[in-house]
1. Going by what's in this entry, would P227 be described as open to solvent by 50 Å² or more (accessible area, probe 1.4 Å), at pLDDT 90 or above and not aromatic (F, W, Y)?
2. Kindly provide the set of residues from the stretch 240-265 that are open to solvent by 90 Å² or more (accessible area, probe 1.4 Å) and under 32 Å from the mean Cα position of the chain (by Cα), ordered by number.
3. Could we say that V85 is under 22 Å from K51 (Cα atoms), modelled with pLDDT of 95 or more and part of a loop (DSSP other than H, G, I, E, B) here?
4. Look at F6 and say whether it is of a type in the set (F, W, Y), out of contact with any His (no Cβ under 6 Å at 6 or more places or on another chain) and not in a helix (DSSP H, G or I).
5. What's the number of the only condition in (1) open to solvent by less than 50 Å² (accessible area, probe 1.4 Å); (2) within 30 Å of R130 (Cβ to Cβ) that V284 fails to meet?
6. How do the pairs read when you match residues in the stretch 294-323 that are closer than 22 Å to A153 by Cβ with residues anywhere that are modelled with pLDDT under 95 and open to solvent by 100 Å² or more (accessible area, probe 1.4 Å), using Cβ under 7 Å and keeping only pairs 6 or more apart or on different chains?
7. Of the residues in the stretch 181-192, how many are open to solvent by 30 Å² or more (accessible area, probe 1.4 Å) and touching a strand residue (DSSP E or B) at 6+ places or on another chain (Cβ under 9 Å)?
8. If you scan the stretch 70-80, which residues turn out to be of a type outside the set (D, E, K, R) and open to solvent by 70 Å² or more (accessible area, probe 1.4 Å)?
Amino acid sequence: MKKSIFITGTDTGIGKTVVTLVLATLLKEKKISVGVMKPVQCAGNDAAFLKRSLGLKDPLGRINPCFAPEALSPHLAFQRSGKPVDVSAIRSAHEALSKKYDVLLLEGAGGLMVPLFGDYFVADLIRDLRCEVVIVSRLGLGAINHSLLTIAAARSAGLKVLGVVFNATTDAKPGIPERTNPGEVSALGKVPVIGVLPRLRSFKPQEIRRACGSGWRLPLLTGSTGPKDAARLKQWDKKYVWHPFTQMKGWLSDEPLVIEEGDGCWLTAADGRRFLDGISSLWVNVHGHRKKAIDQAVQRQLNRIGHSTLLGLSNAPAAELARELVELAPS
């Protein structure tokens, strides 16, 4: 089991650092080796707090490879510091730590749509690091809207949401919203609730255990998505799929390669192996997989209409595209 899980929030100040500590503590109770990262930090001491509280020996510069001194949005904080967010440094630190631990928890900065630089958002970093996502939400009024928006943004970015942790950010007595919001978000967002965290008196392991009890759904964080899933997909392929231009007699005796996702010119198989897409998906994907501008344009169009015929009708995208193509062509 090697898992990288990104802890994001529905807002800033939502308690991501505390939830990261709680999840790491509970997983360590299960004899699972856990490391942490704070890839991007703007002011504060979150990374140092996690390192100290969990007794980790990793260098602080590896836990937090990118630091800016001002408490601002990362795109502005790092611009003002005179040094950009170094994605290559983050990737290098992530690779080293993910090899060391069974589960690596990465705490984000703000929410998914916080810009790190230009139009590169926290969601883009999560996708590039191939992390799964846990969302931290507050319990009170507004939790439903903010949670569902974050879930939708994560799925739109192609991210896998493992579940939501609800955090009591105040000492206020729980009311109807606090009691009902987790269930509503779970049902409407079709996502499990990992746990509900009451206000902690301290951050000691015994207090975390006492506050959380036994109801937290930790197996959601440790479930396998590797070779076992690949074997099941291969079995289903052989049983249910007839492949065109393929000698099926030979195919059924072979081990099929099941592709699960793509990124740029790379394909990733269900068993985790990566391959260059040398045929560009039979030449229909020459720009690469998951190109943001293309994917966003397709999504915008799908949100308007999926298809309309040109047989006796016209449609706006067809007229717009035809005009642009003619203007690009020689006279």
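The values are calculated or read from the model by the stated rules, or taken from the named source; none is laboratory data. Since the model is a prediction, treat every value here as computed from it, not as a measurement. Backbone-built Cβ (ideal geometry, glycine too); neighbour counts: all protein chains shown. Protein only, heavy atoms only, side chains kept; ligands, DNA and RNA dropped before computing areas. Shrake-Rupley method; radii C 1.70, N 1.55, O 1.52, S 1.80 Å.
1. No; evaluated as a whole, the condition is false for this residue.
2. Selection gives Y240, E255, E260.
3. When the stated conditions are applied, V85 passes them.
4. yes
5. Condition (1) is where V284 drops out.
6. Filtered contacts from the stretch 294-323: I294/H287.
7. Adding up the residues that qualify gives 3.
8. Once the filter is applied, which keeps residues that are of a type outside the set (D, E, K, R) and open to solvent by 70 Å² or more (accessible area, probe 1.4 Å), the stretch 70-80 yields A71, H75, Q79.
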